[in-house]
Amino acid sequence: MNIDELIHQAKASASDPAHSLTVPKSWAQGRTLFGGLSAALLYAALREKVSQDRCLRSLTTNFIGPLEPDLPFRIDVEVLREGRNVSQVVAKAVQNDQVAVFCQACFGVDRESKIRIENHDKHQMAPPKKAAFIPQIPKVTPKFLQHMDLAMVEGGLPFTGKKESNVHGWMRFKEAPEQVTDAHLIALIDAWPPTILQMLRWPAPASTMSWNLEFIHPHSPVAPDEWFAYQAQTRQAADGYCHSEANIWDSKGELVAISRQIIAVFD
């Protein structure tokens, strides 16, 4: 099942509270679904409750418990407030009567403003000719990566004892979707492993606790097979927790999103 089919199912759940979703193991990350996909599906459902003239400004996702593959779950959506300019909406993935993932999205209409400050964060990475990351190794490589093309430019593979903690590279879907929506981009941005895993010399559990995405508007339309540039850095890490943030650009060098994560690592 590809990303477009899953997003379509999530949208259908917004109009039918009894509608359940089941995601196959090919989208798993360990015992749970790939977090980027979980967030993308919740976003796709709540997006249906908001007027299309309102752009996504931020999405905060809390990963509360495992959302298991091959088991049905439902998405509950609630519009907290819809004002003249801003809408606040929440969504929950509920499986076995337990909340597994929680999202809060903020949408806002464009307004006239005298303030305009251009983004000057740029990168110097050349676009890749092909993917170059982790090969598909049974019981080693996360299953969901079979749906992604990643091309690493700076950093290392998880558990290789690197001294640095930054990750730079490019990303896209292996099977190009019909179009790249915000939901597709949410799933794509989370494809990279946490920045600090490359510093460990042996495998250790790690999981994202909270993830905040901020979207930059307007930005140019993108092609379905377009590469997106990704540069993540570790801001601080200690006591079993890591704070990282990343910039994401389209292939034309326009900043499209800013990502921030709190990651728990059990080393």
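Only the coordinates and a few stated rules stand behind these numbers; no lab work does. Because the structure is predicted, anything quoted here is derived from the model rather than measured. Counting neighbours? That spans all protein chains shown, and the Cβs are built from the backbone with ideal geometry, glycine included.
Straight Cα distances below 30 angstrom link LYS25 to the lysines LYS11, LYS49, LYS92, LYS129, LYS130, LYS139, LYS143, LYS174, with same-chain residues fewer than 8 positions distant left out.
Per q in 0.10, 0.11, 0.14 1/Å, what log10 I(q)/I(0) does a Debye calculation on the alpha-carbon atoms of the chain return? Cα-only, vacuum Debye calculation for the chain: -0.49, -0.60, -1.00.
If we count other beta carbons within 10 Å of each Cβ, what is the order of LYS252, LYS162, fewest first? Don't jump to the answer; show the numbers that get you there.
Details: LYS252 10, LYS162 18.
Lowest to highest Cβ neighbour count: LYS252, LYS162.
Within the straight-line cut-off of under 25 Å between alpha carbons, the lysines reachable from LYS163 are LYS122, sequence neighbours fewer than 8 places apart in one chain being disregarded.
Result for the chain in a Gaussian network model with C-alpha springs under 10 Å: among GLN52, GLN95, GLN233, the largest mean-square fluctuation is at GLN52. Note on the range 109-267: along the principal axes its Cα atoms extend 52, 35, 26 Å, ordered by decreasing extent.
If each DSSP helix of 4+ residues adds -39,500 (n - 2.57) and the sum is divided by the residues in the chain, what number results at 222 nm, nearest 500 deg cm²/dmol?
Numbers: 3 runs with 34 residues, N = 267.
Rounded to the nearest 500, it is -4000 deg cm²/dmol.
The mean sequence distance of close C-alpha pairs (under 8 Å, at least 6 residues apart), as a share of the length of the chain, puts its relative contact order at 17 percent. Computed about the Cα centre, the dipole magnitude for the range 171-261 is approximately 380 debye when only Lys and Arg (+1) and Asp and Glu (-1) carry charge, each at its Cβ.
Calculated on C-alpha atoms, the gyration radius of the range 127-188 divided by its Kirkwood radius gives an Rg/Rh of 0.99.
Taking the beta-carbon count within 10 Å as an exposure proxy, list ILE262, ILE196 from fewest neighbours to most. Provide the component values of the computation, followed by the final result.
Numbers: ILE262 14, ILE196 22.
The fewest-first ordering by Cβ neighbours comes to ILE262, ILE196.
Magnitude of the charge dipole for the chain, about its Cα centre and with charges confined to Cβ atoms of Lys, Arg (+1) and Asp, Glu (-1), is about 460 debye.
Taking ARG116, ARG57, ARG74 in turn, the Gaussian network model of the chain (Cα-Cα springs below 10 Å) assigns the largest fluctuation to ARG116. Residues GLU245, GLU78, ranked from the fewest to the most other C-beta atoms within 10 Å, line up as GLU78, GLU245. Placing +1 on the Cβ of every Lys and Arg and -1 on the Cβ of every Asp and Glu, with no other charges, gives the range 1-121 a dipole of roughly 320 debye about its Cα centre.
For the modelled label position 7 Å from the Cα of HIS8 along Cα-to-Cβ, which residues of the range 168-205 have backbone nitrogen atoms closer than 20 Å? Counting only backbone N, you get 173-188.
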